[in-house]
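Chemist: This is the structure I have questions about; it appears just below.
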């Protein structure tokens, strides 16, 4: 840690201003209380305060470099020795200089027993004040450093968790898509080739984005369109898509790849398990400072329907929690053969978003 007074020019100027004010007050006391001639009062004040100006700067080094691991008793002893040394040198040098420029009669007044005790007491108090201020600065700096380290660790942990969640999503989707391609290579090679090209575009988009990056909703919806085209190759007319997205919603920032697991879930538990066409509808609106995205699909209400692990929606919930520091942004409604997933995105990045 650098010397705090030398860290910024404005702090050094403030330090000098403080001692200028102290010198003025000291001069005022010399004239009114001790009845010294004005020129002697000024010389006396400047001598003691200019020297303490520099001694005060030097106090930083023994305070900062003292070994605090040896206990409070050892620290107190070291500070006491440093204080006695600095106050002693301050008095000695000040009086040595004053003897050269002030008449002997006035020096006797300045060297009186009461004057020496008073100056030594003031010097000791000034030393303790420096110790207190410097110690507070050291403590504040260490606290700031710990906070920075804590924030760095939290950021790294969040990035690791997001990467872990994404690593679960991508292989899941890739596994399903490759199964579809495998089936199409036998029945329709042209469709298989088309699906591979679209899958390549989708994965390229996925891999080049950071896990916690935000991007406009229009880009996320464009990527969803790629995904739905891939799935339509597999399901054909059984998969229907509708969307209502007002222009005001398209530029709102949302986490990358946050919607894909929702559409994958709709296909898995809607289209995949139904012999009838399934419609996946997307609605967006701005409401109370949030972008609300609703994805609704119909499904066959069959009690024997295959149950999924819910990994996709759980990961979406976890990502929203990690990115926005809120656990109330995802709502699931299941009623009358319709399944709805509603996500609320804060319109402003500062609205609950972790940084």
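The values are calculated or read from the model by the stated rules, or taken from the named source; none is laboratory data. Values in this document were obtained by computation on a predicted structure and should not be read as measured data. Cβ coordinates were reconstructed from backbone atoms using ideal geometry, including for glycine residues, and neighbour counts include every protein chain displayed.
Chemist: For region 18-38, which positions are touching a residue at least 24 places away in the same chain (Cβ under 8 Å) and part of a helix (DSSP H, G or I)?
Modeler: 19, 22, 23
Chemist: Now a separate question. Condition first: surrounded by 16 or more Cβ atoms within 10 Å (Cβ to Cβ) and closer than 14 Å to residue 131 by Cα. Now tell me which residues in region 79-93 satisfy that.
Modeler: 79, 82, 83, 86, 87
Chemist: Just checking, does region 251-264 include any residue being part of a helix (DSSP H, G or I) and over 22 Å from residue 192 (Cα atoms)?
Modeler: Yes.
Chemist: Pull up region 213-240, narrow it to residues that are touching a strand residue (DSSP E or B) at 6+ places or on another chain (Cβ under 7 Å) and closer than 19 Å to residue 292 by Cβ, then point me to the one that is surrounded by the fewest Cβ atoms within 10 Å (Cβ to Cβ).
Modeler: Of region 213-240, the ones touching a strand residue (DSSP E or B) at 6+ places or on another chain (Cβ under 7 Å) are 214-217, 220, 228, 231-232, 238-240.
In the following step, the residues that additionally are closer than 19 Å to residue 292 by Cβ were identified as 214-217, 220.
Working: 214: 16, 215: 16, 216: 14, 217: 21, 220: 23.
My answer is 216.
Chemist: If you don't mind, there's one more thing I want to ask. Can you pull out the residues in region 256-271 that are at pLDDT below 90 and surrounded by 18 or more Cβ atoms within 10 Å (Cβ to Cβ)?
Modeler: So in region 256-271, the residues at pLDDT below 90 come out as 256-258, 260-261, 264-271.
If the condition is that a residue be at pLDDT below 90 and surrounded by 18 or more Cβ atoms within 10 Å (Cβ to Cβ), then 256, 257, 258, 260, 261, 264, 265, 266, 267, 269, 270, 271 are the ones that fit.
Chemist: Can you spot a residue in region 221-233 that is at negative phi and not in a helix (DSSP H, G or I)? Please lay out each step first, then the result.
Modeler: Initial filter on region 221-233 (at negative phi): 221-233.
Filter once more, so that each one left must be not in a helix (DSSP H, G or I): none.
There is no residue in region 221-233 that is at negative phi and not in a helix (DSSP H, G or I).
Yes or no, residue by residue, for (1) over 35 Å from the mean Cα position of the chain (by Cα); (2) surrounded by fewer than 20 Cβ atoms within 10 Å (Cβ to Cβ); (3) part of a strand (DSSP E or B); (4) at pLDDT below 95:
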{"residue": "295", "(1), (2), (3), (4)": "no, no, yes, no"}
{"residue": "301", "(1), (2), (3), (4)": "yes, yes, no, yes"}
{"residue": "327", "(1), (2), (3), (4)": "no, yes, no, yes"}
{"residue": "334", "(1), (2), (3), (4)": "yes, yes, yes, yes"}
{"residue": "343", "(1), (2), (3), (4)": "no, no, yes, no"}
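Chemist: Return yes or no: is residue 2 on the phi < 0 side of the Ramachandran plot and assigned to a loop (DSSP other than H, G, I, E, B)?
Modeler: Spelling it out, residue 2 is indeed on the phi < 0 side of the Ramachandran plot and assigned to a loop (DSSP other than H, G, I, E, B).
Chemist: In region 244-254, is there at least one residue being surrounded by 15 or more Cβ atoms within 10 Å (Cβ to Cβ), at pLDDT below 85 and in the same structural domain as residue 317 (by TED's automatic domain parsing)? Explain how you work it out, then say what you get.
Modeler: Keep residues of region 244-254 that are surrounded by 15 or more Cβ atoms within 10 Å (Cβ to Cβ), which gives 245, 249-250, 252-254.
Keeping just the survivors that are at pLDDT below 85 gives none.
Within region 244-254, none of the residues are surrounded by 15 or more Cβ atoms within 10 Å (Cβ to Cβ), at pLDDT below 85 and in the same structural domain as residue 317 (by TED's automatic domain parsing).
Chemist: It is to be established whether one or more residues within region 199-207 are modelled with pLDDT of 75 or more and under 22 Å from residue 345 (Cα atoms).
Modeler: No, the conditions are met nowhere in region 199-207.
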